[in-house]
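Here the structure is laid out as structure tokens; the discussion comes afterwards.
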Amino acid sequence: MPLYQFFTLVNAGYASEPNGKLGLTFIATELLDKGLRNEMRGQIAEDLEQLGMNFDASTEADYSFIKISAFHGMKTRLLKTYQR
């Protein structure tokens, strides 16, 4: 079964964090699937799990990386979730 994956590479990693705020990029990437102001807390993570989608976010020295994937039948829902 075909798998769709979307990747985002952000040109900001922990090396660009301001002094005294180490870990800020890590916290930001960890919170990406927890929801937005207009959604219930954890709603995005719950939606991803229910739909069988995978989400991964990590940070390196020079960049942050976001990946979301789902099987072919979920392409439209994957795109909508990725836009959130």
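Between amide H atoms placed 1.01 Å from N, distances below 5 Å from Gly13 occur with Tyr63, all of them 5 or more places distant or on a separate chain. Translational diffusion coefficient of the chain (Stokes-Einstein, Kirkwood radius from Cα pairs, 25 °C, 0.890 mPa s): 179 µm²/s. Taking every alpha-carbon pair under 8 Å whose residues sit at least 6 apart, the range 3-83 reaches a relative contact order of 40 percent. The peptide list 10-21, 55-66, put in order of mean Cβ contacts within 10 Å with the highest first, becomes 55-66, 10-21. Every helix of 4 or more DSSP H residues in the chain counts as -39500 (n - 2.57), and over all residues that averages to -8000 deg cm²/dmol at 222 nm.
Taken together, the values in this text are just the output of simple stated rules run on the coordinates, not laboratory data. Keep in mind that what you see is a predicted model, and the values were worked out from it rather than measured. Reconstructed Cβ throughout: ideal geometry from the backbone, glycine too, with neighbour counts over all protein chains shown.
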